[in-house]
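Below is one structure; the comments refer to it alone.
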Amino acid sequence: MYHVHYRGIHYEMGFRFGSSLAENNHFVLDNVPFPITEERKRYALSCIPVYQEYFPEILEEISGLADGQKCGVELIQAVLFSMYAIPPYCNCSCFAVSDGKHILLGRNSDFIPSLEKLNMNVIYHFSESGSYSFTGNTTAFLEMEDGVNTCGLAIGLTSVYPTIAKPGFNAGMLLRLFLEKCKDTEDVIHQVNRLPIGSAQTFTVADSKGETAVIECNAERIKIIRPSKEIPFVCATNIFCSEEMSPFQQTGIDTWQAEERYNTLVRSLASRKGCMDVPAAQDLLAGKEGFLCQYNREKGTDTVWSVIYDLAETSIYRAEGNPGRCKFRKDERFTII
């Protein structure tokens, strides 16, 4: 996993990252796992007004990255803005528990193992006002797939294959905005309800106050799922599980055994009645409670990192590879207040 620490304003951070890669003969467009089609370019162009209105800072960062890489900004936009709206893959597993003693969010990131050396762990410290510092993990450079900010807000996404796509934020850009602009779970829910959404996904959210939720959403509808006395946890894979979102569930596609992974999460969390400490969370993510990360790597699928955000103890644990084979290590480089 590639580790990057950013400081400054958005354009500067994008430029420094892009130019440092270029100096070492690394170019992000050479490693995109799908063709940059005219469809993707047209879709990205339709999304630009949305980002200009709601998150202009990310456009500055993308411009800086493109300038540092000496490539057309429209190609970077086509990759990033279309990634979840026109997805090649749907994968990953998330859960969150808050039992009065522990507040945990855990996530397995499942992706193509041939690209795992390009996966990134990042730390952002902004000199601009209005943006919280955060650390996160990603397969897609400026987008984020899970992370925690300095306020103690942790989020993880799982993609869902869309039945409809409209101009708007995709999953990775939404999560990036949440980490940068929100301080707690209710802030995230507020943003979801005001922002144009382009792709289909779930967000598993937890904050340092112990508030957790799963947000199932797409371009047409939003469903907030909270823990209850009967089901004192939340979890998600790559399917919509609520009745409200079921009409948008695509069938006949490869979801990387999403239903089996979801059943593993539910069974394990229910057996503990929503009570879980870090070692138990590590065991669950490592597949010791049932299928979650036991892919056949030779077929081009694997869990490429696993992370636990312990919000009660303000700690981060990450396995930089499949957690069934790689140890979780505590990351003490980022401070959660």
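Descriptive notes on the structure:
- Distant-in-sequence amide contacts of residue 103, defined by a placed amide H-H separation under 5 Å and a gap of 5 or more residues or a different chain, comprise 311, 312, 313.
- Looking at the stretch 142-240, the GluC sites (Glu not before Pro) that sit in a DSSP loop and have at most 12 other Cβ atoms within 10 Å of their own Cβ are 230.
- Note on the stretch 211-303: Cα-Cα pairs beyond 16 Å make up 62% of the total pair count.
- When the Cα convex hull of the chain is projected onto planes of every orientation, the mean area is 15.3 nm².
- Two-site label geometry, residue 117 and residue 275: point separation in nm, points 7 Å out along Cα→Cβ: 4.6
- Cα-based helix-to-principal-axis angle, 185-194 vs the chain, degrees rounded to 10: 50
- In a fully extended conformation the segment linking residue 222 and residue 298 would gain 23.7 nm over its present Cα-Cα distance, using 0.36 nm per residue.
- Between the Cα long axis of helix 258-271 and the first principal axis of the chain there is an angle of about 40°, rounded to the nearest 10.
- Value at 222 nm in deg cm²/dmol, rounded to 500, when DSSP H runs of n ≥ 4 in the chain each add -39,500 (n - 2.57): -9000 deg cm²/dmol
- Short-range pairs are left out: with C-alpha atoms under 8 Å and at least six residues apart, the relative contact order of the chain is 19 percent.
- Inter-label distance, nm, simple model (7 Å from Cα along the C-beta direction), residue 335/residue 312: 2.4
- The stretch 1-157 - Kirkwood radius from inverse mean 1/r over Cα pairs (Å): 16.7
- Of all beta bridges that DSSP places with both ends in the stretch 140-242, some 95 percent have antiparallel geometry.
- Alpha-carbon centroids, the stretch 24-46 and the stretch 195-222: separation in whole Å: 26
- Paramagnetic label reach from residue 26 (point 7 Å along Cα→Cβ; backbone nitrogen cut-off under 19 Å): within the stretch 137-168, residues 137-146.
- Accessible surface of the chain [probe 1.4 Å, protein heavy atoms]: carbon and sulfur percent: 49
- Most mobile listed residue (100, 198, 68) in the chain, GNM with C-alpha springs under 10 Å: 100
- Between residue 53 and residue 230, the distance separating the two model label sites (each 7 Å from Cα on the Cα→Cβ line) works out to 3.9 nm.
- Charge tally for residue 331 (other residues, Cβ to Cβ under 15 Å; Lys, Arg +1; Asp, Glu -1): +1.
- Extended-chain gain in nm, criterion 0.36 nm per residue less alpha-carbon gap, residue 288 and residue 187: 32.9 nm
The values are calculated or read from the model by the stated rules, or taken from the named source; none is laboratory data. No experiment lies behind these values; they were computed from the predicted model shown. Note: ideal-geometry Cβ built from the backbone for every residue, glycine included; neighbour counts use all protein chains shown. Remember, those area values only see protein heavy atoms, side chains included, never the ligands or the DNA or RNA. Shrake-Rupley method; radii C 1.70, N 1.55, O 1.52, S 1.80 Å.
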